[in-house]
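Rule-based calculations on the coordinates, nothing more; no lab input. Keep in mind that what you see is a predicted model, and the values were worked out from it rather than measured. In this analysis, Cβ positions are derived from the backbone assuming ideal geometry, glycine residues included, and neighbour counts consider all displayed protein chains.
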Amino acid sequence: MTTEERLYKLEGIVEGVMATLPSRVAGVENRMDLLRQELKGEIQALRQEVRQEIQALRQEVKGEIQALRQEVKGDINAALNRLMLYFTALAAALALLTLLR
């Protein structure tokens, strides 16, 4: 095979590739667009899932904080009641001391 024949054969191959290349490029672009849309959908779904999870965690934390508030209020009330009893006992003791003098 001569150089000229090889060149002619190569030109045919190049022309064949050039003829099919635009359709292949368009196919790849379409596939990329579909994958991009699919990825956007998955990202949106994940965002929504994360938002829901964060909202659930917020509600859980709010509930726990509310329970802790109630517990602290109960502890404070119990401590104040005990303090009032101590003051009452102290007042009674002082009253007795005053009467015994």
### Summary
If every Lys and Arg gets +1 and every Asp and Glu gets -1 at its Cβ, then about the Cα centre the chain yields a dipole, in debye to the nearest 20, of 1020 debye
### Query
Once every DSSP H run of n ≥ 4 in the chain is given -39500 (n - 2.57) and the sum is divided by its residues, what mean residue ellipticity at 222 nm do you get, rounded to the nearest 500 deg cm²/dmol?
-37500 deg cm²/dmol
